Amino acid sequence: MLAISDLVVRYPKADENALNHVNLTFKKGEFVCVLGKSGAGKSTFIRTINRLQPLTTGNVTWEGTNLTELPETKMRSFRSDMVMIFQHFNLIPRMTVFQNTLTGSFGKRPTYKNILGLFSEEEQRRALEAIKEVGLEKHANKRVEALSGGQKQRVGIARALLQDPKILLGDEPVASLDPTTSRKIFELLKRIHEERELLSIINIHDVHLAKEFATRIVAFRDGQLIFDGKPNEVDDHV
Ligand code: ADP
Ligand code: ADP
């Protein structure tokens, strides 16, 4: 279980809290979409979970461990339970699909050899399997700069899978994609979510897509949690 309690985030020099006393708990198996207008606090929320963003006060607890108090060295093994996929994919453009996917091994176990770009046969086998899982086997040796947006996000997902995650975090992963491609990416995410029994928490500004795929929706406005419930109960203008 992931518990977020009394979470407050205030950016330096900001007049108001980006997140204001947020309380939420999530369970394995939930496919959560996070809604809210631009500036509502969605991205801050997602990034606070894996400590990409420091919190001001409050706690994030994962499977009984309070992550807030952990020193960075101990945070590493917990952070590897969580993967993040991004709006702009965060890939290395001149590297191939295979090479980008392999870098997911860093998250799980950064070794001296990995840093030199040397990956074990097992890591390479798993990279190829992940590439297959996202449907990119024909493109494994292409540089990612030559791919479409949807294909790039598939590489982001394959890289995430190498980390063998328990929590999948998405910070607007389809915001740069057209509607058809966005739906296909969500279909892929939902399939992986179910096969691997993940907890998925994904920011999205498309209410309709969220309603179609989510098992639960939470929404923010001006840093306040304004909705937490079933997809069919959420207002289309949230
Ligand atoms: P969303 O993802 O819903 O668009 P954000 O989490 O990005 O919202 O932003 C929430 C609030 O925090 C907004 O008022 C935004 O302007 C502010 N904010 C976000 N990032 C920073 C930052 N690095 N420094 C200062 N303020 C920020
Ligand atoms: P299947 O391949 O039978 O659907 P899974 O859903 O468990 O089984 O795995 C999906 C893909 O991810 C597989 O192709 C598999 O090789 C790869 N994979 C398996 N275990 C791991 C792991 N621990 N970390 C990352 N990828 C894995």
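With respect to the conditions (1) buried (at least 16 other Cβ atoms within 10 Å of the Cβ); (2) in a strand (DSSP E or B), Asn59 falls short on a single one, namely (1). As a summary of the residue check, Val22 satisfies the conditions (1) within 11 Å of ligand 1 (Cβ to nearest atom); (2) buried (at least 17 other Cβ atoms within 10 Å of the Cβ) except for the one numbered (1).
Can you find a residue that is over 19 Å from the mean Cα position of the chain (by Cα) and within 16 Å of ligand 2 (Cβ to nearest atom) anywhere in segment 194-211? Within segment 194-211 (the criterion being over 19 Å from the mean Cα position of the chain (by Cα) and within 16 Å of ligand 2 (Cβ to nearest atom)), the answer is no, since none of the residues qualifies.
Listed here are the residues, each with its yes/no results for (1) β-branched (Val, Ile, Thr); (2) within 16 Å of ligand 1 (Cβ to nearest atom); (3) under 24 Å from Arg196 (Cα atoms).
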position: Asp15; (1), (2), (3): no, yes, no
position: Ala18; (1), (2), (3): no, yes, no
position: Glu30; (1), (2), (3): no, no, yes
position: Cys33; (1), (2), (3): no, yes, yes
position: Thr65; (1), (2), (3): yes, no, yes
position: Ser77; (1), (2), (3): no, no, yes
position: Asp81; (1), (2), (3): no, no, yes
position: Phe86; (1), (2), (3): no, yes, yes
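Checked against (1) under 19 Å from Ser5 (Cα atoms); (2) under 21 Å from the mean Cα position of the chain (by Cα), Glu69 passes all but a single condition, namely (2). Flag not set for Ser43, criterion: out of contact with any helix residue (DSSP H, G or I) (no Cβ under 8 Å at 6 or more places or on another chain), within 16 Å of Leu168 (Cα to Cα) and more than 9 Å from ligand 1 (Cβ to nearest atom).
When you look at Leu147, is it within 16 Å of ligand 2 (Cβ to nearest atom) and either of a type outside the set (Val, Ile, Thr) or over 28 Å from Val218 (Cα atoms) (or both), yes or no? Full working, then the answer.
On the way: within 16 Å of ligand 2 (Cβ to nearest atom): no; either of a type outside the set (Val, Ile, Thr) or over 28 Å from Val218 (Cα atoms) (or both): yes.
The answer is no for Leu147.
Against the definition (within 16 Å of ligand 1 (Cβ to nearest atom) and in contact (Cβ under 8 Å) with a residue 12 or more places away in the chain), how does Leu136 come out, yes or no?
Details: within 16 Å of ligand 1 (Cβ to nearest atom): no; in contact (Cβ under 8 Å) with a residue 12 or more places away in the chain: yes.
It is false that Leu136 is within 16 Å of ligand 1 (Cβ to nearest atom) and in contact (Cβ under 8 Å) with a residue 12 or more places away in the chain.
Any read-out appearing in this document is the output of simple, stated calculations on the displayed coordinates, not a laboratory observation. Please read all numbers here as calculations on a predicted model, not as lab measurements. For neighbour counting, all protein chains shown are included, and Cβ atoms are generated from backbone atoms with ideal geometry for every residue, glycine included.
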